[in-house]
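No lab work stands behind these numbers, since they all come straight from the coordinates. A quick note: this is a predicted structure, and the numbers were derived from the prediction, not measured. Every residue, glycine among them, receives a Cβ derived from its backbone with ideal geometry; neighbour counts consider all protein chains shown.
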Amino acid sequence: EVVEERVERPFEKIEREREREKERERERERDRDREREEVRERDRRKPRREEIAPYSKNKRGRKEDEMDPMDPSAYSDAPRGNWSTGLPKRNEAKTGADTTAAGPLFQQRPYPSPGAVLRANAANQIPKE
């Protein structure tokens with residue numbers, strides 16, 4: 001009976017060690033990737049505390065009578081609504097009257113143009129001979 005013993009050569013041992021080290025490195029890399037993915041997933045699920053506003057930003061959930069601290073109408077007599085609420089309409093005649101006041105005193109016609117005033121003054125003057 002001849003028993004063949006395999007003699008391990010030094011370079012084979014080094015090669016085997018290299019393979020083991022590569023495998024360990026791959027395993028570490030997999031663990032790192034797994035950990036990164038878990039962190040990403042956690043970030044996707046719940047926002048950070050700093051990112052959450054201290055008040056609700058949705059306008060649908062807000063009650064009509066609730067005061068908005070950023071709305072100028074909360075502090076003045078400006079009407080509440082969108083940005084154009086309270087602005088003069090396009091087809092409204094511009095008058096010299098105070099449109100915020102009421103009553104017959106303030107319901108005046110628009111001012112005449114300067115040319116119309118000059119023509120009226122010229123027509124009222126007596127022609128010189």
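Assuming R0 = 35 Å, what is the FRET efficiency of Met67 and Arg45, from their Cβ-Cβ distance, to the nearest 0.05? Spell out each step's value before the answer.
Details: r = 34 Å, r/R0 = 0.96.
For Met67 and Arg45, the calculated efficiency is 0.55.
Assuming R0 = 25 Å, can you tell me the calculated FRET efficiency for the pair Ile14 and Glu38, based on Cβ-Cβ distance, to the nearest 0.05? Let's see the in-between values first.
Details: r = 37 Å, r/R0 = 1.46.
After rounding, the FRET efficiency stands at 0.10.
For the residue pair Arg30 and Asn124, what label-to-label distance in nm results when each label sits 7 Å from Cα along the Cα-to-beta-carbon direction?
Output for this residue pair reads 10.2 nm.
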